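**Student:** First, the structure itself, so that you have it in front of you.
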Amino acid sequence: MNALICILIIIGISLDVLGTMEVEGAMLGEIKRKDMALTSILVIGMQLLFFFGGYIACNMMVRYDIFTHGAVTASIIAVVIFVLLGVRLLVKGIKKVFVDERRQEFSLAKYMRIILTLCVYTLAAGCACGFINASMLLMLVTITVCSALVTVGGIFIGYHYGFGSKSTGYYVGTALLWISGLYVFFTALYPLIAG
C-alpha cells in the first residue's frame, strides 16, 4: 500500500483527537508540562493499542481466508470503514455541540474516558488498514508522531485560542479519510470491476 495513503489515514483519525484536545485545552486554568507529558503518553499508548489490535485481528482474517472472496471483500470493508469514519467527522464538524465552558483542573480519569471513546474509531481504522495490509512500521511511527503532535497541539491551541477552529480539523480529516477510501477503491476494486 502507498506510504502517503497510510500517513493520510493516520492524520485523518488524529484530527479527531486534535478537535477533542482543543476543547479540553480551552477549559484548563493552566498547562503543566507533567500533565501534558502524561496525556501524550496516554493518547499514544491507547491509539497504538487499539489501532494494532484492530489491525492484527483483521489482517489475520485476510491471511487465513476468512472471507469468501478474500482481498476483494477485505477491500470493500476497508472502503466502507473509511467512508463511515469520514462521515462521522463531517457530522462532528457540522454539528454544534454545546460545551460547558468553565475552568477546570487536569483530570487523568476524564481524559481516559475521552480517549477510550476516540479509540473505538481508531480500532475501526486499524481494522481497515489490516484488511488492506498497510505497513505496520510506518503506521507505528506515524501514530506515535501524530498522536503526540495533536495532543500537545490541541491542548495548546485550545488553551490559547479557544476551541472555535476544531471544525476545520474535522473537515480536513473527512477529506483525508475519503481520499484514502477512494485510493483503495481505485487500486484494489476498480480494476476488478472494469476488467
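**Student:** Looking at Ile31, Ile41, Ile76, can you tell me which residue is under 22 Å from Ala109 (Cα atoms), part of a helix (DSSP H, G or I) and open to solvent by 30 Å² or more (accessible area, probe 1.4 Å)?
**Tutor:** The match here is Ile41.
**Student:** More than 30 Å from Phe67 (Cα to Cα) and at pLDDT below 85, is that true of Thr151?
**Tutor:** no
**Student:** Applying the selection to region 15-28, what residues are assigned to a helix (DSSP H, G or I) and aliphatic (A, V, I, L, M)?
**Tutor:** Leu15, Val17, Leu18, Met21, Val23, Ala26, Met27
**Student:** Still on this structure, please answer the following. Anything in region 47-74 that is more than 22 Å from Ile143 (Cβ to Cβ) and in contact (Cβ under 8 Å) with a residue 24 or more places away in the chain? List them, or say none.
**Tutor:** Residues satisfying the conditions are Ala71, Val72.
The values are calculated or read from the model by the stated rules, or taken from the named source; none is laboratory data. None of these values were measured; they are calculated from a predicted model. In this analysis, Cβ positions are derived from the backbone assuming ideal geometry, glycine residues included, and neighbour counts consider all displayed protein chains. SASA here: full protein model, heavy atoms, side chains in, ligands and nucleic acids out. Shrake-Rupley method; radii C 1.70, N 1.55, O 1.52, S 1.80 Å.
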